[in-house]
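The values are calculated or read from the model by the stated rules, or taken from the named source; none is laboratory data. Treat the numbers as computed from the prediction; the structure is a model and nothing was measured. Cβ placement follows ideal geometry from the backbone for every residue including glycine, while neighbour counts extend to all protein chains displayed.
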Amino acid sequence: MRLLTQEQKEICEMIASFMEKEIKPNLQEWDHENHFPDEVYRKAHELGLNAFEAPEEFGGLGLDHKSAGAIYEQMGYYDSGLALTSVTTNLAWKPVLFGGTEEQKKLFWDLVMNGRGYASFALTEPGGGSDVAATRTKAVREGDEYVINGAKCFITNGGFADVYLAVASTDPSKGAKGLTAFIVERDRPGISIGKEEDKCGIRTTNTVEVVFEDVRVPADHRVGQEGDGFKLVMKTLDLSRPFIAAIATGMAQRALDEAIKYSKERVTFGQQICKFEALQFMMADMDMKVETSRQMYCHVLDLIEKHLPFTKEAAISKAYATECTTQVAESAIQIMGGYGYMREYPVEKIWRDSKVFQIFEGTNQVQRVVISGQLLR
Ligand SMILES: Cc1cc2nc3c(=O)[nH]c(=O)nc-3n(C[C@H](O)[C@H](O)[C@H](O)COP(=O)(O)OP(=O)(O)OC[C@H]3O[C@@H](n4cnc5c(N)ncnc54)[C@H](O)[C@@H]3O)c2cc1C
């Protein structure tokens, strides 16, 4: 059960009606065809759904963290694709929020708002996802510019982004302490889009390789100081984790709702399958996971709003919710029998979509490294 304010309820209702009308009728086809529905996502952007974490002065909705959590959960309930596209734009924003100047904040949102409405967070490279210090992309200072060379892989929104928040090494001898973040406009010469990934799930998101070849950016596009990149990235991922948990919670709630609905309709041995205690207990277990995932991400958002430490709780929330979502979706398939396994019903998609939530924004092994690190401090 979510305790929402009137404003949050109204936004969630608006999202539900948008999703029912614009996304649901075509979702299966887009998923099947690995199609990124740019034209429909842009309609969502007109409602502010890509920028509700952006301050009002930069054209966003300027909502608080709890409202953002409720919105991400609601989007996840209907389509993890739009939710991830939006959370990624706001992921790219966070290093600028934490380390950027007022001019950089304006530049970032001007680029997003005046373009198609997407940003990308370009950190991962072929040689290192979890091991951020292994970043090979280099940024070399030449007068008032930096020249960036390197390749980033698995970049969400990468093919459609108006702006990249790219992490490069300005001093390879310093490892993590040599990393620096840059705002890089999409139309700078030297940027090219490589391979588009053919994924198991979240097939309505765009995941590509982004190559930087002698890309020149003005020195004032550097976010913070040289060497601040790692710190900014870690802070960013900390803050984004409860939102990933919120999306996952929405997906799990949807899988549970679909299973309950089906169990009331399906009759075997002369009775509805919801009358079987074996399935009732499965549904109870699923609900326990959904409710605890929700309470945990709301708790993290509470800590954030009260300016209390939240690193450990954010990692718990992300790891717990994302693992629960896959389990809940799998149980939903089981309750729905053979039909649950078919593309005609939405639960197999939730199951496929859910797995990657355990991998990105820090794998769930990395979350455990964070949690144990906090315990042993
Ligand atoms: C669909 C998708 C979208 C993505 N979007 C983005 C994006 O927009 N931007 C971006 O920058 N990245 C993105 N990523 C990349 C993602 O963040 C990385 O895949 C993730 O961080 C893991 O890195 P890796 O794939 O290199 O795996 P590796 O780091 O090679 O890990 C392999 C295995 O080793 C384990 N492991 C690694 N280190 C440790 C450790 N210290 N302790 C215990 N276990 C460990 C991991 O948990 C994993 O099981 C995306 C990935 C996917 C699949």
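Considering every residue within the stretch 204-225, establish whether at least one is of a type in the set (S, T, Y) and in contact with a strand residue (DSSP E or B) (Cβ under 7 Å, 6 or more places away or on another chain). Yes, because at least one residue in the stretch 204-225 is of a type in the set (S, T, Y) and in contact with a strand residue (DSSP E or B) (Cβ under 7 Å, 6 or more places away or on another chain). Suppose the filter is farther than 22 Å from V112 by Cα and outside the structural domain of I155 (by TED's automatic domain parsing); does D31 pass it? The answer is yes for D31.
Let's see how each residue does on (1) among the aromatic types (F, W, Y); (2) within 20 Å of P346 (Cα to Cα):
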site	(1), (2)
Q6	no, no
M14	no, no
E33	no, yes
D38	no, no
K43	no, no
K66	no, no
Y77	yes, yes
S80	no, yes
T85	no, yes
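Within the stretch 109-125, the set of residues being more than 11 Å from the ligand (Cβ to nearest atom) and of a type in the set (V, I, T) comprises V112 only. Please give the helices (runs of 4 or more DSSP H) falling wholly within the stretch 256-354 in which 2 or more residues are in contact (Cβ under 8 Å) with a residue 24 or more places away in the chain, of a type outside the set (K, R) and buried (at least 17 other Cβ atoms within 10 Å of the Cβ). In the stretch 256-354, 277-305, 311-335 are the helices (runs of 4 or more DSSP H) which contain 2 or more residues that are in contact (Cβ under 8 Å) with a residue 24 or more places away in the chain, of a type outside the set (K, R) and buried (at least 17 other Cβ atoms within 10 Å of the Cβ).
When restricted to residues that are touching a helix residue (DSSP H, G or I) at 6+ places or on another chain (Cβ under 7 Å) and aromatic (F, W, Y), the stretch 14-61 contains 4. Within the stretch 194-208, the set of residues being farther than 12 Å from T156 by Cβ and either within 9 Å of the ligand (Cβ to nearest atom) or in contact with a Lys or Arg (Cβ under 6 Å, 6 or more places away or on another chain) (or both) comprises C200, G201. Condition (residue is part of a helix (DSSP H, G or I) and surrounded by fewer than 24 Cβ atoms within 10 Å (Cβ to Cβ)) applied to the stretch 199-220: is it met by at least one residue? Yes, because at least one residue in the stretch 199-220 is part of a helix (DSSP H, G or I) and surrounded by fewer than 24 Cβ atoms within 10 Å (Cβ to Cβ). Scanning the stretch 126-163 for residues that are more than 7 Å from the ligand (Cβ to nearest atom) and among the aliphatic types (A, V, I, L, M) gives V132, A133, A134, A139, V140, V147, I148, A151, A161, V163.
For the stretch 225-241, state whether one or more residues are surrounded by 23 or more Cβ atoms within 10 Å (Cβ to Cβ) and outside any helix (DSSP H, G or I). No, there is no match, as no residue in the stretch 225-241 is surrounded by 23 or more Cβ atoms within 10 Å (Cβ to Cβ) and outside any helix (DSSP H, G or I).
With T249, T236 as the choices, which residue is among the polar types (S, T, N, Q), closer than 27 Å to A284 by Cα and in contact (Cβ under 8 Å) with a residue 60 or more places away in the chain?
Numbers: T236 fails: closer than 27 Å to A284 by Cα.
From the options T249, T236, the qualifying one is T249.
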